[in-house]
Amino acid sequence: MSDSRFGIGLVGAGFISRDAHAPSVDYLSDVHIAGIQNRTRENAVDLAETCREHGRGDPSVYGAGELAELAHDPEVDGIWIATPNFTRTETVDTLVDAVESGATLQGIALEKPIARTLPEARHLIDRIESVDLPHAYLENWIHEPDIKDLRSLLWQRGRDAGRPYLARSQAEHGGPHSGWFWDGQKQGGGALTDMLCHSLGGNDYLLRDPEAEGQLEPVSVTADTETLKWARESYAEELQERYGVDYEEHPSEDYARVTVRYEDAAGNPVVSEATGSWCFVGSGVSRHIELLGPEYSGQVRSDDDSSSVFFSDALGDGDGWAEKQTATSGRMPIAAATVVTGGFVAENRDAIRAFSAGENATFDLFDGERILRLCMAAYKAAEDGTRVELADASLDSYTPPPAR
């Protein structure tokens with residue numbers, strides 16, 4: 001590091017880097033985007049130019065095969081991995097090799113989900129831990145101001161009545177924005193691993209006592225998965241034409257429902273209910289989050305925007321601006337500062353603080369592995385049509401049906 005600023009190296013120049021991590025720098029003092037590596041160099045060049053235009057840094061650009069060079073860049077202090085799931089193992093191996101050969105990184109942050117399978121997750125963690133490199137699990141839900149405040153208020157004011165016993169999360173949109181998401185082998189699954197990892201992670205966070213971490217154990221998982229929309233002929237043809245995937249022959253689930261039964265330290269039941277889909281037709285992402293206790297409840301409804309605009313069909317042929325927007329006419333939300341309200345600024349601030357202190361972030365890759373285990377149990381429960389008892393489940397060699 002050449003000065004007092006923290007330099008972020010972005011691996012991946014896609015949606016999450018472009019619309020979340022790079023803009024988060026606007027709200028973080030003494031932080032800049034120092035480097036960008038992407039397999040398609042042109043995309044990294046475009047994102048680097050955007051960073052310069054907005055005063056987010058003057059990042060060096062690296063293309064295919066140049067990940068080690070990014071790690072050795074003296075301006076880069078931490079690496080943010082925002083690449084497709086099927087590239088994670090190779091990416092982490094290359095970065096750890098670079099550290100072993102002298103790269104002086106302070107930490108690695110990894111976007112959700114941590115991996116496609118538990119063996120992959122364990123490999124990533126073992127490699128990063130082998131060089132004593134701090135790490136962060138980038139799950140933005142648990143950093144969102146509304147969700148954090150909901151948790152803090154209900155636990156603080158409701159503690160005398162009893163701990164929360166039920167968390168519900170629903171997250172839906174109209175489908176992913178890149179072709180690899182639709183490929184079960186590349187992504188590792190479907191809507192469950194894409195959307196339900198948010199919901200399961202958020203519920204897990206809400207149900208855990210802020211003053212007694214580790215006092216909640218998942219006991220069993222039940223689940224249902226379906227392909228409701230995208231395997232229908234007309235929609236499958238759309239996916240074939242747009243992304244080159246065959247959803248009629250090789251579908252992933254576009255809907256999932258998961259229930260996790262926990263027990264608290266006293267043996268009392270605690271329940272997480274999560275649903276998600278790629279079937280929602282609306283102006284963006286629809287989310288409903290609830291936390292219930294003996295004498296209280298709280299809700300976060302992120303599709304209930306207070307500000308909106310309306311366009312008639314005559315103007316409906318333009319580009320959208322809201323995340324996962326599936327129309328360009330009608331009433332649309334004005335998503336002001338979603339990089340803040342969506343938790344991306346807070347998660348990155350937390351990771352940078354931790355890395356600068358030589359520590360893991362508040363949510364690290366062990367948390368990511370724990371949530372992935374719930375996802376694997378959910379797939380197995382849905383596939384077998386049974387309740388999966390986590391104490392007896394053999395999940396370390398399990399691969400979800402869409403990924404086989």
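Every number in this text was worked out from the coordinates using simple rules, so none of it is lab data. Since the structure is predicted, the reported quantities are computational estimates derived from the model, not experimental observations. Using ideal geometry, Cβ is built from the backbone for each residue, glycine included, and neighbour counts are taken over all protein chains shown.
Just checking the listed ones, SER130, SER24, SER283: in the Gaussian network model of the chain with Cα springs under 10 Å, the one fluctuating most is SER130.
Taking every DSSP helix (H) stretch of at least 4 residues in the chain, weighting each as -39,500 (n - 2.57) and dividing the sum by the residue count yields a mean residue ellipticity at 222 nm of -9000 deg cm²/dmol.
For the chain, the number of Lys pairs separated by eight or more positions or lying on different chains, with C-alpha atoms closer than 20 Å, is 5.
Amide H to amide H distances under 5 Å link SER60 with GLY35, ILE36, where only residues 5 or more positions off or on other chains count and H is placed in the peptide plane. By the count of neighbouring beta-carbon atoms within 10 Å, fewest first, ARG232, ARG5, ARG88 end up ordered ARG232, ARG5, ARG88. Modelled spin labels at ASP392 and SER101, positioned 7 Å past Cα toward Cβ, are 5.0 nm from each other.
Were the residues from SER178 through ALA265 laid out at 0.36 nm apart, the gain over their Cα-Cα distance would be 27.1 nm. Between PHE15 and GLU90, full extension at 0.36 nm per residue minus the direct alpha carbon distance yields a gain of 24.9 nm.
The amide H of VAL271, built 1.01 Å from its N in the peptide plane, has LEU166, ALA167, TYR262 as neighbours under 5 Å, considering only residues 5 or more places off or on other chains.
The largest-to-smallest principal axis extents of the Cα set in the range 6-133 are 41, 28, 27 Å. Between the entries (i) 23.8; (ii) 20.2; (iii) 35.9, the label attached to mean projected area of the Cα convex hull in nm² calculated for this structure is (ii).
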